[in-house]
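Enquirer: Structure provided below as structure tokens; questions to follow.
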Amino acid sequence: MMEWLEPIQKFLGPAWLPIWTLLKIVVIVLPLMGAVAYLTLAERKVIGWMQIRIGPNRVGYFGLLQPLADGLKLLMKEIIVPSGANKFLFIIAPILTLMPALAVWAVVPFNAQLVVANINAGLLYILAMASLGVYGVIIAGWASNSKYAFLGALRSAAQIVSYEIAMGFALVTVLMAAQSLNLGDIVRGQHGEHGLLNWYLIPLFPMFVVYFISGVAETNRAPFDVAEGESEIVAGFHVEYSGMAFALFFLGEYANMILVAFLASIMFLGGWLSPVPFLPDSIVWMFAKVAFMLFLFLWFRATFPRYRYDQLMRLGWKVFIPISLLWVVLVGAWMQTPYWLW
Amino acid sequence: MEKIKEFFKTFLLVELLKGMALTGRYMFARKITVQFPEEKTPQGFRFRGLHAQRRYANGEERCIGCKLCEAVCPALAIKIEVAEREDGTRRTTQYDIDLTKCIFCGFCEESCPVDAIVETRIFEYHGEKRGDLYYTKPMLLAVGDKHEAQIAKDRASDAKYR
């Protein structure tokens, strides 16, 4: 499908590969950053509506320029490095948070053809990259040379690591059902003549719930946002950050939110597949499902009070891990019977 | 039995879904936000905003310099100096209200025997440099002159409750 590019490829010679790769990165990252920016606006609007307010509406029509104004404000602000901080690590920590959040997008398929790197171990790559994000948190907390940031980092790191286990088990059931780690194949495994009923959402519904709630906890979102906790504490690991360094943590958080929404759509909601047999499969379905999952994130934030830290740990270790372990065994047994229809 | 019921209720996230249904409903509810510069909430006639000094219909200032307001002011925001005018009446030579100290309790208005110092409905005012909110006698009189009609109307509405 890329035949028209060949003359350009010949012209550029060996420079072609880096340029082409950079181009692909830009094509993924720029819309992602735009989505992150407008997700913040959507969040403020939706939470506003649910609190019978109207949300930002002064900067531009419907508040549409608000994210740009916010971004500009953060860009202009000074990045203050505390005097006792380890300067190198302090600067590198937000980058370490954002980098994996962006790198993950290499393997995310948008539809049957549209994927940057269609690798076989896509899901494994995603798990590996998502786990790297916790280093940014720990390094940020330690490099700040502040006891508050340090305690916040320990808290967030423990939370992220705990929920990763339950999340991993939820994904194990998916790859048992799909018999593949390739995200494209996982979606294709959900293809069938019954549309919606062929999705893994039906047999793996508890795992879908576990995965999504773990995803909310993993991205430090309400009701698991003890890392930020703006109504109780100042912040967690990022207290000492300001300006764009601070914004990078949030870019990472929102990029991860979008990623969790994408993965939930791909693995449980049939990705780009149409929910009803008489409508064609299309990338539009993909974005609709992602938008719905993102809306759930905002809905949760507008509804639930924050978990206490011990409750949060209890939910992760004593509820989600047993349930997901049980379901792994159950799905395994189920797949050996003729009643497995997926 | 009750425990089992409770377990399933928690496990199936019943209460969480109920909460989400509630917020979901409110998403479509009519919004109560007042978009301030364009829309304003109604004000009562007892509204206590910016201060003003009133005059009688013949143009004579009401204030007789009794200093009751200065005495009653809990924030010590009022400063008054008094002297005898050429015609032998007692008048203020200085009547200052520091609006940055004022707590808008309305005691000055309440204590005034001649209804000279009043609080108006004006609440959108500002100062751009230090001292701008230190209102002197001519400034207070100017506010009174400008808004006398509204001030008189508000006093008249309140009169029957006193």
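Enquirer: Quick check on the stretch B:1-37: of everything there that is within 11 Å of chain A (Cβ to nearest Cβ) and charged (D, E, K, R), which residue is nearest to B:CYS108 (Cα to Cα)?
Expert: Within the stretch B:1-37, the first condition is being within 11 Å of chain A (Cβ to nearest Cβ), and the residues that meet it are B:10-13, B:15-37.
Narrowing the set further to residues that are charged (D, E, K, R) leaves B:15, B:18, B:25, B:30-31.
On the way: B:GLU15: 54, B:LYS18: 52, B:ARG25: 48, B:ARG30: 41, B:LYS31: 38 Å.
Residue satisfying both the conditions and the ranking: B:LYS31.
Enquirer: Still on this structure, please answer the following. Of the residues that sit in the stretch B:44-59 and are open to solvent by less than 60 Å² (accessible area, probe 1.4 Å) and either more than 14 Å from B:ILE117 (Cα to Cα) or hydrophobic (A, V, I, L, M, F, W, C) (or both), which one is nearest to the other protein chains (Cβ to nearest Cβ)?
Expert: Let us first name the residues in the stretch B:44-59 that are open to solvent by less than 60 Å² (accessible area, probe 1.4 Å), namely B:44, B:49-54, B:59.
Imposing the further condition that a residue be either more than 14 Å from B:ILE117 (Cα to Cα) or hydrophobic (A, V, I, L, M, F, W, C) (or both) reduces the set to B:44, B:50, B:52, B:59.
Details: B:GLY44: 24, B:LEU50: 26, B:ALA52: 32, B:GLY59: 45 Å.
Once the filter is applied, the top-ranked residue is B:GLY44.
Enquirer: Something else now. Restricting to the stretch A:27-54, count the residues that are more than 15 Å from A:ALA255 (Cβ to Cβ) and either of a type in the set (Val, Ile, Thr) or in contact (Cβ under 8 Å) with a residue 12 or more places away in the chain (or both). Don't jump to the end; show me each part of the working.
Expert: First, pick out the residues of the stretch A:27-54 that are more than 15 Å from A:ALA255 (Cβ to Cβ): A:27, A:41, A:44-54.
Okay, now just the ones that are also either of a type in the set (Val, Ile, Thr) or in contact (Cβ under 8 Å) with a residue 12 or more places away in the chain (or both), so A:27, A:41, A:44-47, A:50-52, A:54.
Total meeting the criteria: 10.
Enquirer: Right, here's the next one. Does any residue of the stretch A:300-310 turn out to be open to solvent by 60 Å² or more (accessible area, probe 1.4 Å), more than 20 Å from A:ALA227 (Cβ to Cβ) and away from every other protein chain (no Cβ under 14 Å)?
Expert: no
Enquirer: Any residue at all in the stretch A:255-264 that's within 14 Å of chain B (Cβ to nearest Cβ), open to solvent by 20 Å² or more (accessible area, probe 1.4 Å) and assigned to a helix (DSSP H, G or I)?
Expert: So in the stretch A:255-264, the residues within 14 Å of chain B (Cβ to nearest Cβ) come out as none.
There is no residue in the stretch A:255-264 that is within 14 Å of chain B (Cβ to nearest Cβ), open to solvent by 20 Å² or more (accessible area, probe 1.4 Å) and assigned to a helix (DSSP H, G or I).
Enquirer: Restrict the check to the stretch A:60-68 and report whether at least one residue is in contact with a Pro (Cβ under 7 Å, 6 or more places away or on another chain) and within 14 Å of chain B (Cβ to nearest Cβ). Lay out the reasoning, then the answer.
Expert: Here is the first cut: in the stretch A:60-68, the ones in contact with a Pro (Cβ under 7 Å, 6 or more places away or on another chain) are A:63, A:66.
Now drop any that are not within 14 Å of chain B (Cβ to nearest Cβ), which leaves A:63.
Yes, because at least one residue in the stretch A:60-68 is in contact with a Pro (Cβ under 7 Å, 6 or more places away or on another chain) and within 14 Å of chain B (Cβ to nearest Cβ).
Enquirer: Out of the residues in the stretch B:21-43 meeting the condition of being open to solvent by 90 Å² or more (accessible area, probe 1.4 Å) and part of a helix (DSSP H, G or I), tell me which one is nearest to A:ILE47 (Cα to Cα).
Expert: B:TYR26
Enquirer: Tell me, please, whether a residue that is touching an Asp or Glu at 6+ places or on another chain (Cβ under 7 Å), part of a helix (DSSP H, G or I) and surrounded by 20 or more Cβ atoms within 10 Å (Cβ to Cβ) can be found in the stretch A:223-245.
Expert: To start, the set of residues in the stretch A:223-245 that are touching an Asp or Glu at 6+ places or on another chain (Cβ under 7 Å) comprises A:235-236, A:242-243.
Going one step further and asking which of them are part of a helix (DSSP H, G or I), we end up with A:243.
Among the residues that remain, those that are also surrounded by 20 or more Cβ atoms within 10 Å (Cβ to Cβ) are: none.
For the stretch A:223-245, residues touching an Asp or Glu at 6+ places or on another chain (Cβ under 7 Å), part of a helix (DSSP H, G or I) and surrounded by 20 or more Cβ atoms within 10 Å (Cβ to Cβ): absent.
Enquirer: Here is a follow-up. Condition check: more than 23 Å from A:TYR163 (Cβ to Cβ), in contact (Cβ under 8 Å) with a residue 12 or more places away in the chain and open to solvent by less than 70 Å² (accessible area, probe 1.4 Å). Does A:TRP272 satisfy that?
Expert: Working: more than 23 Å from A:TYR163 (Cβ to Cβ): yes; in contact (Cβ under 8 Å) with a residue 12 or more places away in the chain: yes; open to solvent by less than 70 Å² (accessible area, probe 1.4 Å): yes.
Yes, satisfied.
Enquirer: Name the pairs: first residue in the stretch A:125-141 and of a type in the set (S, T, N, Q), second residue surrounded by 18 or more Cβ atoms within 10 Å (Cβ to Cβ), Cβ to Cβ under 9 Å, at least 6 apart or on different chains?
Expert: A:SER131/A:PRO100; A:SER131/A:ILE160; A:SER131/A:GLU164
Enquirer: A further question follows. Could you say which residue among A:LYS289, A:LYS318 is more than 14 Å from chain B (Cβ to nearest Cβ) and either hydroxyl-bearing (Ser, Thr, Tyr) or assigned to a helix (DSSP H, G or I) (or both)?
Expert: Details: A:LYS318 fails: more than 14 Å from chain B (Cβ to nearest Cβ).
Selected residue: A:LYS289, the only one of A:LYS289, A:LYS318 that is more than 14 Å from chain B (Cβ to nearest Cβ) and either hydroxyl-bearing (Ser, Thr, Tyr) or assigned to a helix (DSSP H, G or I) (or both).
Enquirer: Based on what the data block shows, is A:VAL36 within 14 Å of chain B (Cβ to nearest Cβ), buried (at least 19 other Cβ atoms within 10 Å of the Cβ) and at pLDDT 90 or above?
Expert: On the way: within 14 Å of chain B (Cβ to nearest Cβ): no; buried (at least 19 other Cβ atoms within 10 Å of the Cβ): yes; at pLDDT 90 or above: yes.
No, not satisfied.
Enquirer: Is it the case that A:VAL210 is assigned to a helix (DSSP H, G or I), open to solvent by less than 40 Å² (accessible area, probe 1.4 Å), in contact with a Leu (Cβ under 8 Å, 6 or more places away or on another chain) and among the β-branched types (Val, Ile, Thr)? If you could, list the steps in order and put the result at the bottom.
Expert: Values: assigned to a helix (DSSP H, G or I): yes; open to solvent by less than 40 Å² (accessible area, probe 1.4 Å): yes; in contact with a Leu (Cβ under 8 Å, 6 or more places away or on another chain): no; among the β-branched types (Val, Ile, Thr): yes.
No: the conditions fail for A:VAL210.
Enquirer: Evaluate the stretch A:100-114: report whether one residue or more is out of contact with any helix residue (DSSP H, G or I) (no Cβ under 8 Å at 6 or more places or on another chain), at pLDDT 90 or above and away from every other protein chain (no Cβ under 14 Å).
Expert: Of all residues in the stretch A:100-114, those out of contact with any helix residue (DSSP H, G or I) (no Cβ under 8 Å at 6 or more places or on another chain) come to A:113.
Among the residues that remain, those that are also at pLDDT 90 or above are: none.
No, the conditions are met nowhere in the stretch A:100-114.
The values are calculated or read from the model by the stated rules, or taken from the named source; none is laboratory data. Values in this document were obtained by computation on a predicted structure and should not be read as measured data. Every residue, glycine among them, receives a Cβ derived from its backbone with ideal geometry; neighbour counts consider all protein chains shown. Areas reflect the complete protein model, heavy atoms only, side chains present, ligands, DNA and RNA absent. Shrake-Rupley method; radii C 1.70, N 1.55, O 1.52, S 1.80 Å.
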